[in-house]
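The values are calculated or read from the model by the stated rules, or taken from the named source; none is laboratory data. Given the structure is predicted, the values throughout are model-derived calculations rather than measurements. Here the Cβ positions follow ideal geometry from the backbone for every residue, glycine too, while neighbour counts run over all protein chains shown. Quick note on the areas: whole protein, heavy atoms, side chains included, nothing else; ligands and nucleic acids left out. Shrake-Rupley method; radii C 1.70, N 1.55, O 1.52, S 1.80 Å.
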Amino acid sequence: MSTPYDIDEVLPAGTIETLPAGTNVLITGPAMVGKRELAFRLLATGHEKGEGVLCVTTSASASSMLDEFERRVPTLDRDRVAIVDCSGSDSQQAIREIATERVSSPGDLTGISIGTAKLLQRFSKQNVSDVRHGLVSISTLIQYLDLNTVFKFLHIYTSRIEDTGGLGVFTLEDVSHDAKTVNTITSEFDCVIELREGADGREVRVKGLPGASRSWRAFD
Amino acid sequence: MSDTGPPVVLVVEDEPDVAETYRRWLRSTYDVRVAADGPTAMAELDASVDVVLLDRMMPEMAGEEVLREIRDREMTCRVAMVTAVDPDFDVVEMGFDAYVTKPPERDELMETIERLLDRAEVDDDLQQYYSLVARRSTLEAEKTEAELNDSPEYANLVDRIERQREEVDEELGDMSTDTDFVGAVREIMNDEGEQTE
């Protein structure tokens with residue numbers, strides 16, 4: 001619980017290699033820049049060391065999430081992947097294969113919290129204590145709920161991840177929201193990873209962590 | 001929640017001796033009401049009740065059924081289940097805000113009630129915290145870093161945000177507890193759509 005989470009080789013060399021237990025990370029950037037893919041990489045990195053992944057998906061189905069994890073980790077242990085699916089568009093397939101809790105709508109935050117609590121308890125019974133938590137994406141929550149409700153939920157949920165010694169990885173499509181909304185959401189996170197399309201390809205910048213360089217770097 | 005007088009606790013317990021013990025323990029701090037069964041509890045329940053202590057095993061109407069009706073009526077009181085069996089996960093799933101194993105100690109019962117009363121404050125304090133952060137976000141979106149550094153209003157806001165966050169986190173308590181975590185989320189959902197900035 002107190003050992004840092006390894007994210008080696010996910011970001012360009014010299015950026016960050018580990019994140020302390022209890023850290024909450026927000027990935028921001030425009031559409032199609034690869035926020036979701038980066039989130040998956042951050043979530044999947046510790047899998048071979050016995051960590052668990054608990055991901056809340058608001059628009060992709062549980063089965064497509066499972067496919068993405070299996071592409072990234074060919075030796076995926078399906079007992080250590082759990083999904084709260086509020087996309088409302090899933091077949092029963094993934095639900096038979098991995099632990100899935102379905103929630104009728106991304107606006108049902110109580111249902112989402114119950115689902116994550118059940119799945120986390122399941123991990124703890126399996127003695128999986130290091131868990132990476134994903135929420136993809138905050139932008140969908142903002143479409144369904146008032147900003148103040150989303151903000152309050154993020155405060156509670158990031159506190160939960162902090163108090164259980166997990167690692168939180170969230171995504172936000174920043175260009176869809178005004179600067180005030182982005183600033184408000186961002187303030188709840190320990191660390192923000194920004195992605196953008198630069199003149200020579202994709203670039204990344206990390207903000208909020210002491211010691212991390214704040215300049216833009218090329219990122220393939 | 002009642003604005004004047006002590007918080008109201010409704011004890012729902014079918015064994016008269018047990019109900020009387022709770023009443024003796026709690027009456028100096030709270031306004032205690034007692035109901036001997038589910039239907040009586042539902043009749044007693046109104047907006048003035050802050051916390052319900054609900055015995056799980058009762059004839060006529062089980063604790064779960066009473067809870068379901070409380071939630072269906074969209075009452076905002078917090079409900080603690082008092083249970084002789086180890087409740088495991090179903091407590092959270094059924095929607096209880098806390099549980100106490102039977103027979104409870106006096107201190108344990110008081111602590112649970114206090115925690116649930118604190119939680120009633122969480123949403124208001126989070127709302128205030130949100131308003132402060134939203135104001136800071138607006139300033140940050142409109143002004144340059146140099147302007148912000150020169151602004152006493154901004155510095156003051158940053159201080160207030162820090163203090164408000166500490167207060168919120170104090171009330172939230174340890175979010176690794178499942179019932180406290182889900183209960184806090186349920187609190188903020190009670191107000192969804194009702195508050196504007």
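Which numbered condition in (1) touching a strand residue (DSSP E or B) at 6+ places or on another chain (Cβ under 8 Å); (2) at pLDDT below 95 is the only one that A:Ser176 fails? With respect to (1) touching a strand residue (DSSP E or B) at 6+ places or on another chain (Cβ under 8 Å); (2) at pLDDT below 95, A:Ser176 is out only on (1). Inspect segment A:171-183 for any residue being closer than 25 Å to B:Met175 by Cα and more than 11 Å from chain B (Cβ to nearest Cβ) and give the result as yes or no. Taking every residue of segment A:171-183 in turn, at least one turns out to be closer than 25 Å to B:Met175 by Cα and more than 11 Å from chain B (Cβ to nearest Cβ). Can you confirm whether segment A:44-60 contains a residue that is in a helix (DSSP H, G or I), out of contact with any strand residue (DSSP E or B) (no Cβ under 9 Å at 6 or more places or on another chain), under 30 Å from A:Gly201 (Cα atoms) and open to solvent by 20 Å² or more (accessible area, probe 1.4 Å)? So far as segment A:44-60 goes, no, none of its residues is in a helix (DSSP H, G or I), out of contact with any strand residue (DSSP E or B) (no Cβ under 9 Å at 6 or more places or on another chain), under 30 Å from A:Gly201 (Cα atoms) and open to solvent by 20 Å² or more (accessible area, probe 1.4 Å). In segment A:174-210, which residues are open to solvent by 30 Å² or more (accessible area, probe 1.4 Å) and closer than 21 Å to A:Leu54 by Cα? Across segment A:174-210, the qualifying residue is only A:Asp190. Just one of the listed residues (A:Val73, A:Val81) is free of Cβ contacts under 8 Å to residues at least 40 places away in the same chain and out of contact with any Leu (no Cβ under 8 Å at 6 or more places or on another chain), namely A:Val73.
Of the residues making up segment A:102-143, those that are farther than 15 Å from A:Gly50 by Cα and either touching a Cys at 6+ places or on another chain (Cβ under 9 Å) or within 12 Å of another protein chain (Cβ to nearest Cβ) (or both) number 24.
Every residue, every condition in (1) out of contact with any helix residue (DSSP H, G or I) (no Cβ under 8 Å at 6 or more places or on another chain); (2) free of Cβ contacts under 8 Å to residues at least 60 places away in the same chain, yes or no:
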{"residue": "A:Gly115", "(1), (2)": "yes, yes"}
{"residue": "A:Leu119", "(1), (2)": "yes, no"}
{"residue": "A:Val131", "(1), (2)": "no, no"}
{"residue": "A:Tyr157", "(1), (2)": "no, yes"}
{"residue": "A:His177", "(1), (2)": "no, yes"}
{"residue": "A:Asn183", "(1), (2)": "no, yes"}
{"residue": "A:Arg196", "(1), (2)": "yes, no"}
{"residue": "A:Pro210", "(1), (2)": "yes, yes"}
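Those helices (runs of 4 or more DSSP H) of segment B:86-197 in which 2 or more residues are free of Cβ contacts under 8 Å to residues at least 12 places away in the same chain and aromatic (Phe, Trp, Tyr) are absent.
Picking from residues in segment B:107-140 that are of a type in the set (A, V, I, L, M, F, W, C) and touching a helix residue (DSSP H, G or I) at 6+ places or on another chain (Cβ under 7 Å), the one that is surrounded by the most Cβ atoms within 10 Å (Cβ to Cβ) is B:Leu126.
Against the definition (open to solvent by 30 Å² or more (accessible area, probe 1.4 Å), in the same structural domain as B:Ala84 (by TED's automatic domain parsing) and outside any loop (DSSP other than H, G, I, E, B)), how does B:Glu60 come out, yes or no? Against the criterion (open to solvent by 30 Å² or more (accessible area, probe 1.4 Å), in the same structural domain as B:Ala84 (by TED's automatic domain parsing) and outside any loop (DSSP other than H, G, I, E, B)), B:Glu60 does not qualify.
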